[in-house]
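Step one of this worksheet: look at the structure below.
The values are calculated or read from the model by the stated rules, or taken from the named source; none is laboratory data. For clarity, every value in this text was computed on a predicted model and none was experimentally measured. Cβ placement follows ideal geometry from the backbone for every residue including glycine, while neighbour counts extend to all protein chains displayed. Ligands, DNA and RNA are stripped out before the accessible areas are found, and what is left, the full protein with its side chains, is counted by its heavy atoms. Shrake-Rupley method; radii C 1.70, N 1.55, O 1.52, S 1.80 Å.
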Amino acid sequence: MKTSRTIALTAGLLTVVLAFVSCTEEKNVTQVIANAPHDERFPLVAGTTRLIMGDITYDITLKADGEYLLRGSVFVQSGATLTIPPGVTLYGESYSIGTLIISQGGKIYALGTADSPIVFTSDSTVGSRSAGDWGGIIINGYATINTVDGGGGTAQGEGNTGTYGGADDHDCSGALRYVVVQFAGQLYSPDNELNGIALQAVGDGTCVEYVQVHRNDDDGIEWFGGTCNARYVVVSACEDDHIDWTHGACFNLQYGIVDLTGATDPDRGIEADNYEFSEANTPRSHPVISNVTFIGTNASGKEGIVLRRGTEAQIFNSILHNFDVGLEIDSDSTFINADNSGTPDLSKLALQGVIFSSCTQNAKNHISGTTTWQGPWDVDYFDTAAQSSPLYNMTATASVISWVAQRDYWSVGEALTATPIDAASLNSWFATAGFIGGCGAGYKWYEGWTSFPTN
Ligand SMILES: [Ca+2]
Ligand SMILES: [Ca+2]
Ligand SMILES: [Ca+2]
Ligand SMILES: [Ca+2]
């Protein structure tokens, strides 16, 4: 769809809306048309596409298989719920940086299906779309962030997207299920780009599963603190980090595909901070991750996973394929925190059952510009299979490289067989997978609802 930037309201539809829009321009539409049924509250803008702009202050359900244009920053305000049924397409307007923001206390239930995912995409025509065409999705919750040591602080989202942070780690912002976000991440200002999905202090009452972010111009999914778990996640061809966390993010992630191929200049598979401005603040960032396949481009100096600025992380049953550096651990604060009187504290920093496949260098540190390891975290720890946390060095076969090119992620995992850690032993949220990598034989959960368009 290519959208005219002129509002072309259909005659007969709520002339009161037309009058309202014309006299207040970018202001709140939905309050005026709140009594209209369902998505007819939103005016037609082109063909059957309806315009969503301003604040959503009432519960509203879009029409299944409907098409909508997001103009400017659209806020689902506290107390309101936006429900999106299967098959809906939402076009983020490039001209106005269309962006969907779920404010603290607001909810989104985007409930697609494998056959009918919900797609957020560019409003440019197919074939001329590119990363950064529109904003993205931002969810602000009441869970804990660590901007104040010990938690309890709040923060402001980039681009005036509102407040996040609080003390309710079980906060619910709704659900994203079978949701695809493409070509987002527009620049708000220099160094201030939008993530495909930003989970800002989102609580673990929120459901995020079967979600793809593709061709984002900044990070794919970024957690700013909070406790929002995610499973069945695909992040592909983004121009910065594919998974990013900071501000004391503590979440579980199982079953993921992180594929950097197809991006012009991607950065990292994971870029992880505790908190940049006070690296020892608590609660520490501490994601627990199992069953993710990371596929890089082997670009010089680029890493699969960077753990820095005091973060903790436990990563299991995953594959790092084709990175110049598979794993890099940075910052004194990261190492010191994970040093248990001279031995690695695996409760704070661990990689177990992780395969390094065709990486130029499996692991390194970057403390103060040196290449030596700190304390107990010596290079042998990561490179010796005899350690309690064995890592495997493998060279991908021609068939694996072919499977990567075809985005046959199941075959990639199958080819790199090793004994997995039982993910169900990590905590009660995880399920036993029985394989290493993002997916297994007969378990191609990414098929059908994901897509990988170039433009
Ligand atoms: Ca970011
Ligand atoms: Ca980033
Ligand atoms: Ca980065
Ligand atoms: Ca970052």
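A few remarks follow.
- Taking every protein chain into account, the 1.4 Å probe leaves residue 429 with about 60 Å² of accessible area, to the nearest ten.
- Based on the convex hull around the alpha carbon atoms, the chain presents an average projected area of 20.5 nm².
- Accessible area in square angstrom per residue, the stretch 406-447, 1.4 angstrom probe: 46
- Among the protein heavy atoms, those of residue 411 account for about 10 Å² of accessible surface (1.4 Å probe, every chain in place).
- The chain - percent of accessible surface contributed by carbon and sulfur, probe 1.4 Å: 49
- Rolled with a 1.4 Å probe across the full set of protein chains, the surface gives residue 231 an accessible area near 60 Å².
- Computed E for residue 441/residue 299 - FRET, C-beta separation, R0 35 angstrom, nearest 0.05: 0.70
- Distance in nm between pseudo-label sites at residue 128 and residue 360 (7 Å out along the Cβ direction from Cα): 3.8
- Amide N proximity, the stretch 246-283 versus residue 340 label position 7 Å along Cα-to-Cβ, cut-off under 13 Å: none
- For the stretch 67-170, the alpha carbon positions stretch 48, 28, 21 Å along the principal axes, listed from largest to smallest.
- Simple rule: put +1 on each Lys or Arg Cβ and -1 on each Asp or Glu Cβ in the chain, find the dipole, and look at 86, 245, 366; the Cα lying farthest toward the positive end is 86.
- Positive-end residue, the stretch 274-338 charge dipole about Cα centroid, Cβ charges, pick of 293, 307, 283: 293
- Over the residues of the chain, the helix contribution to mean residue ellipticity at 222 nm works out to -2000 deg cm²/dmol, using -39500 (n - 2.57) for each DSSP H run of at least 4.
- Rounded to two decimals, the Cα-based Rg/Rh of the stretch 120-266, with Kirkwood Rh, is 0.97.
- Net charge, residue 151 excluded, C-beta distance under 12 Å - Lys, Arg +1, Asp, Glu -1: -2
- Both the radius of gyration and Dmax for the stretch 132-197 are 13.6, 38 Å, in that order, over alpha-carbon atoms.
- Taking a quarter of the surface of the Cα convex hull of the stretch 195-337 gives a mean projected area of 7.3 nm².
- Cα gyration tensor, the stretch 211-276 - rounded (a/c under 1.5), prolate or oblate: oblate
- Per residue, the stretch 48-195 exposes 33 Å² of accessible surface when a 1.4 Å probe is rolled over the protein heavy atoms with every protein chain present.
- Charge dipole (Cα centre; +1 on Lys/Arg Cβ, -1 on Asp/Glu Cβ; no other charges) of the chain amounts to roughly 1160 debye.
- Largest accessible area first, the listed residues 170, 247 line up as 170, 247 when surface is computed with a 1.4 Å probe on the assembled protein chains.
- Net dipole in debye of the stretch 126-211 [+1 Lys, Arg Cβ; -1 Asp, Glu Cβ; about Cα centre; nearest 20]: 320
- FRET efficiency, residue 432 to residue 48 (Cβ-Cβ, R0 35 Å, nearest 0.05): 0.15
- Principal-axis tilt of helix 15-24 within the chain, Cα atoms, nearest 10 degrees: 60
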